[in-house]
Amino acid sequence: MKIHTFPNNPIEENTYVVGFEDGRAVIIDCGALFPDEKKRITDYIRSHGYTPVAHLLTHGHFDHCLGSRYVWETFGVKPVVSADDAGLFLRHGKELRQWIGMDYPEEPFTEYIPLEEYDLSSIHCQSFFTPGHTRGGVCYLIGEGGEKALFSGDTLFRGSVGRTDLEGGDMLQLLNSIRSNLFTLPDDLTVFPGHGPRTTIGFEKRYNMYMQ
């Protein structure tokens, strides 16, 4: 399993491409907005001979799904998003204008597959519903062989947690989601967040000020 990070759009959201030994790949939170961002991702996938088979969204905020149309048109893969965050996903173009002051350069892609109807088993993936940052926030534990990694979206960051002052946010719920769902995972598990550097479960248990 090989993981590559692509910081994208003005908010520097982390888009991930997870490649497997059999040549399949999973894209997580494609926030690619500009042509050069999309080209970097396309070039990487094609140079490694990967075939994307899933586009998983950790939540519906605009910066994590701006590249949904690009992924669909380039690789034929629709985004997977939890039903509770479908409303956010469907208006990501409007949110770009509201929060960044930019017009979306094309018609936003509004087709999606509800996570609740999607079979993750074929890509060795387990989902953890972690509401708090949004109502339908999800973290994904992906593995191959003996290697595993957690993709936490905006639920858990290195030394911090996701903001809860937006629609659907709830700090107490977020902290409970982390303690109940994520902190039960192994301490040495690497966490790839939606923004910023990677971390581990053990580091966050010991040093994350929100979790003390």
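The values are calculated or read from the model by the stated rules, or taken from the named source; none is laboratory data. Please read all numbers here as calculations on a predicted model, not as lab measurements. For neighbour counting, all protein chains shown are included, and Cβ atoms are generated from backbone atoms with ideal geometry for every residue, glycine included.
To keep it simple, each residue is scored yes or no on (1) touching a Ser or Thr at 6+ places or on another chain (Cβ under 9 Å); (2) over 28 Å from Ser180 (Cβ atoms); (3) assigned to a loop (DSSP other than H, G, I, E, B).
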{"site": "Trp72", "(1), (2), (3)": "no, yes, no"}
{"site": "Glu95", "(1), (2), (3)": "no, yes, no"}
{"site": "Gly132", "(1), (2), (3)": "yes, no, yes"}
{"site": "Gly136", "(1), (2), (3)": "yes, no, yes"}
{"site": "Ala149", "(1), (2), (3)": "yes, no, no"}
| request: Out of the residues in segment 131-154 that are over 15 Å from Gly194 (Cβ atoms) and small (Gly, Ala, Ser), state the one that is surrounded by the most Cβ atoms within 10 Å (Cβ to Cβ). | output: Gly143
| Failed item in (1) in contact (Cβ under 8 Å) with a residue 12 or more places away in the chain; (2) part of a loop (DSSP other than H, G, I, E, B); (3) surrounded by fewer than 14 Cβ atoms within 10 Å (Cβ to Cβ), with Asp103 passing the rest | (1)
| task | Could you figure out which of (1) closer than 25 Å to Lys78 by Cβ; (2) assigned to a loop (DSSP other than H, G, I, E, B); (3) in contact (Cβ under 8 Å) with a residue 40 or more places away in the chain isn't true of Asp119? | result | (3)
| request: Identify all residues within segment 160-181 that are of a type in the set (A, V, I, L, M, F, W, C) and either at pLDDT 95 or above or surrounded by 17 or more Cβ atoms within 10 Å (Cβ to Cβ) (or both); write none if there are none. | output: Val161, Met171, Leu172, Leu174, Leu175, Ile178
| Scanning segment 76-87 for residues that are closer than 27 Å to Ala25 by Cβ and out of contact with any His (no Cβ under 6 Å at 6 or more places or on another chain), which turns out surrounded by the fewest Cβ atoms within 10 Å (Cβ to Cβ)? | Gly76
| task | Go through segment 137-189 and count every residue that is closer than 22 Å to Phe89 by Cα and polar (S, T, N, Q). | result | 5
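Which is part of a helix (DSSP H, G or I), among the hydroxyl-bearing types (Ser, Thr, Tyr) and free of Cβ contacts under 8 Å to residues at least 40 places away in the same chain, of Thr110, Thr42?
Thr42
Going through Arg97, Arg46, Arg91 one at a time, which residue ends up being over 19 Å from Phe192 (Cα atoms) and either at pLDDT 95 or above or crowded, with 17+ Cβ neighbours inside 10 Å (or both)? Steps first, please.
On the way: Arg97 fails: either at pLDDT 95 or above or crowded, with 17+ Cβ neighbours inside 10 Å (or both); Arg91 fails: either at pLDDT 95 or above or crowded, with 17+ Cβ neighbours inside 10 Å (or both).
Checking each option against the conditions leaves just Arg46.
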| said: Every residue in segment 182-197 that is within 17 Å of the chain's Cα centre (by Cα) and either assigned to a strand (DSSP E or B) or surrounded by 17 or more Cβ atoms within 10 Å (Cβ to Cβ) (or both), please. | reply: Leu182, Thr190, Val191, Phe192, Pro193, Gly194, His195
| note | When every residue in segment 152-181 that is among the aliphatic types (A, V, I, L, M) and outside any helix (DSSP H, G or I) is compared, the one farthest from Ile142 (Cα to Cα) is Leu166
| message | Only one of Phe128, Phe157 is surrounded by fewer than 20 Cβ atoms within 10 Å (Cβ to Cβ), in contact with a strand residue (DSSP E or B) (Cβ under 7 Å, 6 or more places away or on another chain) and closer than 30 Å to Arg69 by Cβ. Can you tell me which? | response | Phe128
| said: I'm told Ile41 meets every condition in (1) surrounded by 23 or more Cβ atoms within 10 Å (Cβ to Cβ); (2) in contact with a Pro (Cβ under 7 Å, 6 or more places away or on another chain); (3) among the aliphatic types (A, V, I, L, M) except one. Can you identify the failing condition by its number? | reply: (2)
